[in-house]
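Here's the structure we're looking at; comments come further down.
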């Protein structure tokens, strides 16, 4: 028997899938799918913005921003500030230090999570392991008192999302980077399988996990100023 949570999740995944399909169909009027006329980067960036919009709706009253955190860790070390492109700021917890548009400098105590969004793993993050190490660095520097899964990664597309999402445990068993509640893991969700001519196929397991994680892992349970 399905629970109300199961039904809600099914509805959320269906809505997400239908929204992406509809919006991509609309953009075809301006960015054709034909090989000689299409622009894969343009279509990809459009889908990235759709995903950002979806995340904004699911983090409730919170804000999806980019910038950096201040102050630095209290252990006295001073390092080059990290550029964070997915700060989940909770205005109910405290004020920002500096804000201009969507760029913010804010104390991490007033933020519930980080969701770093990347189009692909090319460039600086050529492997999932390297991307997860980057997320772990954010967590270690700015969220040392939070569980690792409060710092998450979203990859819009990969040619083989299920295979690239596998990770080998110390025991030799195989697990997945999208296991959003795994101890010590900063989860990563690869949302689409990239096919030819700018076609994207949903990676359902990762999308379901992402929706669970966004709702579960973007809450502040500590009152810092009261």
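Rule-based calculations on the coordinates, nothing more; no lab input. All values reported here derive from a predicted model rather than from experimental measurement. With ideal geometry, Cβ positions are generated from the backbone for all residues, glycine too; neighbour counts draw on all protein chains shown.
Pairing the Cα long axis of helix 128-142 with the longest principal axis of the chain, what angle in degrees results, from 0 to 90 and rounded to the nearest 10? In the chain, helix 128-142 runs at an angle near 30 degrees to the longest axis. Helices in the chain, meaning DSSP H runs of at least 4 residues, each add -39500 (n - 2.57). Divided by all residues, the mean residue ellipticity at 222 nm is -11000 deg cm²/dmol. Normalised by residue number, the volume inside the convex hull of the Cα atoms of segment 139-186 is 88 Å³ per residue.
Using the average count of surrounding beta-carbon atoms within 10 Å as a protection proxy, the listed peptides 63-71, 95-103 rank, highest first, as 63-71, 95-103.
When DSSP assigns beta bridges and you keep just the ones with both residues in the chain, what percent turn out antiparallel, to the nearest 5?
Rounded to the nearest five, the antiparallel share is 55 percent.
Helix 204-216 axis versus longest C-alpha principal axis of the chain: approximately 30°, rounded to the nearest ten.
Could you work out the relative contact order of segment 4-216? I mean the mean sequence separation of Cα pairs under 8 Å and 6+ apart, divided by the number of residues, in percent.
On the way: 340 pairs, mean separation 37.7, N = 213.
Here the relative contact order equals 18 percent.
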